[in-house]
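Shown next, in structure tokens, is the structure this report addresses.
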Amino acid sequence: MIIGGDDLAYSTARELEDDYGVTLIHNDKERCKWLAERLDSALIIHGDYKNINLLIEEGLETMDGFLALTDSSETNIITSLSAKNHGVYKTIAHVDTREYIHISHSIGVDSLINKKLVAANHVSRYLKKGHVEAVSGIQGVEAEFVQYAVSKNNKLTKKNLKALHFPDTAIVAGVIRGEEVFIPDGEFQLQLNDKAIVLALPEAKPVLEKLFN
């Protein structure tokens, strides 16, 4: 079940409807018509998504997931909590207000979407030097996980980790090699095509970029 009808809700429903039974509820009649014309199999319901009784009538208690994607962070959090209380396994809320991001997990919302943070992470990924494959921020702190690809044989593949002189503000938390995952110690040696998951503070980035470039 998805509540909301803006571009985020529409794009999400379009991505999911081929693989899942999607019910989308929105409070604007004309927008519901627009959505119904463009979505192939999603069920579009015009109604007040703040009304929990309506959500129950439309099958809330049978849903595997609930996505609250309206333009109100408060509505998204409250309806996600209501869905959780009615037995929905997974709840996801779109939260624009940074203050709410820090409390939502503690009060019971499973996952949060913040478009600004998602966009910032994608921009950050492409601004970084080195062979960066993914970036993930950590809620409430400056540190982030960065996934680097080992793309050529150099000192990264010729020395063990403790001999590479990583900055004190970074640590290799994991290495993906094919279908295997390693938690490396100082004796671990990277190989070509490894993916190194590095936990780093901002001041470590210049050294990491030089190492993985």
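The residues neighbouring residue 165, those whose beta-carbon lies less than 12 Å from its own, together hold a net charge of +3 under the Lys/Arg +1, Asp/Glu -1 convention.
Annotation: amide H of residue 58 has no partner in the under-5 Å range at sequence separation 5 or more or interchain, hydrogens built in the peptide plane.
Taking chymotrypsin sites (Phe, Trp or Tyr not before Pro) across segment 1-92, the ones in a DSSP loop with at most 12 further Cβ atoms lying within 10 angstrom of their Cβ are 89. The Cβ shell under 15 Å around residue 180 holds other residues with a net charge of 0, Lys and Arg each +1, Asp and Glu each -1.
In plain terms, the residue of 78, 92, 2 with the fewest other Cβ atoms within 10 Å comes first and the most crowded comes last, giving 78, 92, 2. Sites listed here are trypsin sites (Lys or Arg not before Pro) in segment 139-191 whose DSSP assignment is loop and whose Cβ has at most 14 other Cβ atoms within 10 Å: 152, 159. Each residue in 41, 80 was given a count of other beta-carbon atoms within 10 angstrom of its own, and listing them fewest first yields 41, 80. The residues neighbouring residue 200, those whose beta-carbon lies less than 10 Å from its own, together hold a net charge of -2 under the Lys/Arg +1, Asp/Glu -1 convention.
Any read-out appearing in this document is the output of simple, stated calculations on the displayed coordinates, not a laboratory observation. Please read these numbers as outputs of a predicted model, since none were measured by experiment. Cβ atoms come from the backbone with ideal geometry, glycine included; neighbour counts cover every protein chain shown.
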